[in-house]
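K.L.:
The following block contains the structure, expressed as structure tokens.
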Amino acid sequence: MLISNMGMVLACAAVLALLVLLPRRDVPAPAVTLLRCFFPAWRFFEEIARSPVLSHRLATSGQGLDAADWVVSLAAPRRGLSSLWLNAPGNLYLAYQSLVERLLTELDESGQNPAAIAQTVSYRLVQGLVAERVRNALPLGAAGQFQFRLSESSDPTATLFVSEIHTV
Amino acid sequence: MPWSLSLLSLATERLIALAVLLQSLELWQIRSACADTGVWRFSELRREYRELAAPLRWLCELLLPYRVYAMLLVSRVACAAVLLLWGASAVLPFLCLSQWLICMRFRGTFNGGSDAMSMVVLCATSLSACTGHAALTTRFALVYIAVQVTLSYLIAGLSKLTHAEWRDGSALAHFISASPYAVPPWLARSKWLENRHLCRGLAWGVMAFESLFPCAWLSPQVCLAFIALGLCFHLANTAVFGLNRFVFAWAAGYPALVYGSQMVEALR
């Protein structure tokens, strides 16, 4: 009986290995993306994928955006021992990073069409994320213009995407 | 001495209560990110909810605007505490539904795998609670959780084995030194990451642990050994990458794994 049970286990493992090795296809339906917590892929740190860096530049009244320096928008917060239990800033940072990665994925799928991508929810949320940082950097009541950029983490000068100019 | 079905079911419910309590407290701390002026503001997100079927869309419109979302978080903290301290299983269906709603609020998941595993445990324990902890449904719930926990390690391990960067150890070094995760600077710049043999050894250690995880079903003793290794694995991930939620989400599935190993031993 042990041998037949082990045989069943090995057969199941072989089927699973085959399923893992079969090519996969992303299902682009937005509804499936919203419900993906019900369909876990269980693939963690599987491959070295592009990890975009989000940066922005800001110009206040009288300045030109071209003269402004790019500043990295997201910085990983420092962690202490208590982060084992509660790590809200760290998990929020990871969620922001996922937002940026999703924007990059949608950019690739849209063929980098600026007019189309600027209307998507992902673009609008990243725009809002950068706008929040920009507002914190400006004096109270001041106005300005900003742009955000996605670049390669391995080479920050390798630009993947530059946004439209936005006002805050 | 085998642990009883009711004891393992109780342990599963208490552990998922702890996971949900901590997750909800974290979300409460960062609730401003979901406010009407926050990054995940409802006015933008509702455009995506139009893709859902009408009943789901109606539920999202009713329960996901910021004020209701904030009340949802408070309710989750209260219910998770009641489940953790007094074992009130009746709250499980609410925790399950609210888990899904919170994932929707963050466009699918907030923290990836930990949300998915929490969902697995909550769905299964809710089913058991809804049937008054009937033996058949509780057994089904624990076996389902145990299978999903096993698959989570097995699929992760097998998929890594198919990538050359994992087999030669360079993937591990990359994720520690150059990934977006909040790795401590002293570790990310450490000289040991340049040691190819060490990186390769650690990478194969991770792949072996994950791929061999189904062996946890061989006996309760082997199961406990794999659980101990699993806890060390997730604690290491917390220390290196800050993935604290994974510790509690997977720990909630471990009592079910013990049940699975006891069931297999009894079949022999």
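The values are calculated or read from the model by the stated rules, or taken from the named source; none is laboratory data. Being a predicted model, the structure only gives us computed values, none of them experimental. Backbone-built Cβ (ideal geometry, glycine too); neighbour counts: all protein chains shown. Accessible surface is based on the protein model in full, side chains and every heavy atom, while ligands, DNA and RNA are left aside. Shrake-Rupley method; radii C 1.70, N 1.55, O 1.52, S 1.80 Å.
K.L.:
Relative contact order for segment B:124-268 using alpha-carbon pairs under 8 Å, separation at least 6, rounded to a whole percent?
P.N.:
After rounding, I find 29 percent.
K.L.:
Sticking with this one: What is the mean number of Cβ atoms from other protein chains located within 10 Å of the Cβ atom of each residue in peptide B:118-128, rounded to a whole number?
P.N.:
Partner Cβ neighbours, averaged per residue: 1.
K.L.:
Any idea what log10 I(q)/I(0) is at q = 0.08, 0.13, 0.16 Å⁻¹ for chain B, Debye with uniform C-alpha scatterers and no solvent?
P.N.:
Debye curve over Cα of chain B, log10 I(q)/I(0) at q = 0.08, 0.13, 0.16 Å⁻¹: -0.38, -0.95, -1.23.
K.L.:
Tell me the total accessible area that A and B bury against each other, 1.4 angstrom probe, in square angstrom rounded to 100.
P.N.:
About 5600 Å² of accessible surface is lost on pairing.
K.L.:
Moving to a separate point now. Taking the mean number of other Cβ atoms within 10 Å as a proxy for protection, how do you rank B:20-27, B:165-172 from highest to lowest?
P.N.:
With the highest mean Cβ count within 10 Å placed first, the list reads B:20-27, B:165-172.
K.L.:
How long are the three semi-axes of the equivalent ellipsoid of segment A:79-134, in whole Å, if each is the root of 5 times an eigenvalue of the C-alpha gyration tensor, listed from largest down?
P.N.:
In descending order, the three semi-axes are 29, 12, 6 Å.
K.L.:
Here is a further query. So what's the gap between the Cα centers of segment B:123-185 and segment A:114-168, to the nearest angstrom?
P.N.:
Segment B:123-185 and segment A:114-168 have Cα centres separated by 35 Å.
K.L.:
Take peptide B:26-36, look around each residue's Cβ out to 10 angstrom, count Cβ atoms belonging to other protein chains, and average those counts.
P.N.:
If you average over the peptide's residues, the count of other-chain Cβ atoms is 3.
K.L.:
Relative contact order of segment A:41-168: what whole-number percent is it, with Cα pairs under 8 angstrom and at least 6 residues apart?
P.N.:
32
K.L.:
Once the dipole of chain B is set up with Lys and Arg at +1 and Asp and Glu at -1 on Cβ about the Cα centre, which of B:Ser261, B:Ile30, B:Leu235 lies farthest towards its positive end?
P.N.:
It is B:Ile30.
K.L.:
Rounded to the nearest whole Å³, what is the per residue volume of the convex hull around the Cα atoms of the protein assembly as shown?
P.N.:
161
K.L.:
When the Kirkwood radius is taken over all Cα pairs of segment B:92-247, what Stokes-Einstein diffusion coefficient follows at 20 °C and 1.002 mPa s, in µm²/s?
P.N.:
It comes out at roughly 122 µm²/s.
K.L.:
Something else about it: Among the Cys residues of chain B, which have no other cysteine Cβ under 4.7 angstrom away?
P.N.:
For chain B, the answer is B:Cys34, B:Cys60, B:Cys79, B:Cys96, B:Cys123, B:Cys130, B:Cys199, B:Cys215, B:Cys223, B:Cys232, because their Cβ atoms have no other cysteine Cβ under 4.7 Å.
K.L.:
Kindly state, as a whole number, the per residue volume in cubic angstrom of the convex hull around the alpha carbon atoms of segment B:160-231.
P.N.:
Value for segment B:160-231: 102 Å³ per residue.
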